[in-house]
Every structure is written in C-alpha cells, then in structure tokens.
Amino acid sequence: MSALIGPLSGALVAGGIYYGFSNLIQTRTEQHIRDLHALSTRLVDSPNVVLAPPSAAMRVKPHPFTNELKYRWNREIAALFLGFQNLDRSAVRWGRSLLYGPEPEGTVGGASAGGRGTTEAIKETVKETVKEVTGSS
C-alpha cells in the first residue's frame, strides 16, 4: 500500500499544480481579451479631431536676419577657399617659372593652346565661379 501512496500523492499534487496554472492562464487570457476589446472600441469610437498643440514645424518662425547672416558667411568662406586655391595655383606657376623659366604667353605648363590662351580660359572660369559663389553680376 505504501508503494501506491507516494506516486498517487505526487500525481495528485502535480494535477493540482497543473489545474492551478491552467486556470490562471485561462482567466488572464480572458481578461486580456476584454481589455483589448475595450481599447479597440475606444480607438474606433474616438473623435477624429484631436486637440493638440501645433507641431514643431509650425512653431518655427523664419529668421531672415539669421538666414542672411549665414548666407553671407558661407559666401565669404567660399571666396576665401577660392582665394587659397588661386594662391596655390599662382605659387605652382611661380615655382615652375623659377625652375623652368618663364612660360610663353598663352601656355600653361609648357603646352601651347591654339587661339585663345589657356591662361585666359582659366581666368574666365575662375571669374565665373566667383560670380556663382558670391551671387554677384
């Protein structure tokens, strides 16, 4: 008899634990279903107009002075970089003239250009670039 009481009491305890957990899971699942139904009903039946403050994009006002200041700053920095680029080119040209002698008119780097000189073409390109960067006519 004692050989049967141990396994039977263990099975009874295990069954009780199983029933307890199963019942707990079932009641929680039913509660979640009711909560989800209530929330979905609130979502569907809510009014379309929501009284909210204006968005951040609508609250930002344009600042013309700041924009003008940024534009002029960027224009000056671009002109400064263009000046350094031209300074670099003239330094290279000066170094070549020291090493290899003066360049003939209308040549760049010893290569002759037919018709209009390449130096003038570069100057025109630089002038056009400066006009584009500074926005002046």
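The values are calculated or read from the model by the stated rules, or taken from the named source; none is laboratory data. Everything numeric here is computed off the predicted structure, so don't read it as measured data. Reconstructed Cβ throughout: ideal geometry from the backbone, glycine too, with neighbour counts over all protein chains shown.
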- request: Inspect all residues belonging to the stretch 7-14 and state whether any of them is outside any helix (DSSP H, G or I), exposed (fewer than 10 other Cβ atoms within 10 Å of the Cβ) and either β-branched (V, I, T) or over 31 Å from the mean Cα position of the chain (by Cα) (or both).
  value: no
- request: Look through L82, L12, L99 and report the one residue that is without any contact (Cβ under 8 Å) to a residue 24 or more places away in the chain and either outside the structural domain of V130 (by TED's automatic domain parsing) or under 30 Å from E128 (Cα atoms) (or both).
  value: L12
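Residues of the stretch 44-79 being of a type in the set (K, R) and either assigned to a loop (DSSP other than H, G, I, E, B) or closer than 29 Å to E132 by Cα (or both), which ones?
Hits for the stretch 44-79 are K61, K70, R72, R75.
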